[in-house]
Amino acid sequence: MGKLIEAENSDLYDVLAYIAFNLAPVTRAERVDTHMARILQGHDY
């Protein structure tokens with residue numbers, strides 16, 4: 001399904017959000033970049 005909307009690097013959630021709500025798909029890398037501080041919060045790195 002991701003190939004149909006040209007979102008091969010996006011999660012299924014993004015593909016479904018595109019289909020249901022016409023939201024632009026976000027790639028996994030973009031999602032990590034956007035939330036990196038929150039992901040690493042509370043961890044020593």
*asked:* Per-residue counts of other Cβ atoms within 10 Å, averaged by peptide: what ranking do you get for 33-42, 14-23, highest first?
replied: 14-23, 33-42
_Could you derive backbone 3J(HN,Hα) for the stretch 21-29 from the dihedral phi with the Karplus parameters 6.51, -1.76 and 1.60 (θ = phi - 60°), listing whole Hz in sequence and x where the residue is Gly or Pro?_
10, 6, 8, 5, x, 10, 6, 4, 5
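Readers should treat all values here as calculations from the given coordinates under stated rules, not as data from a laboratory. Everything numeric here is computed off the predicted structure, so don't read it as measured data. Neighbour counts are summed over all protein chains in view; Cβ atoms, including those assigned to glycine, are modelled from backbone coordinates with ideal geometry.
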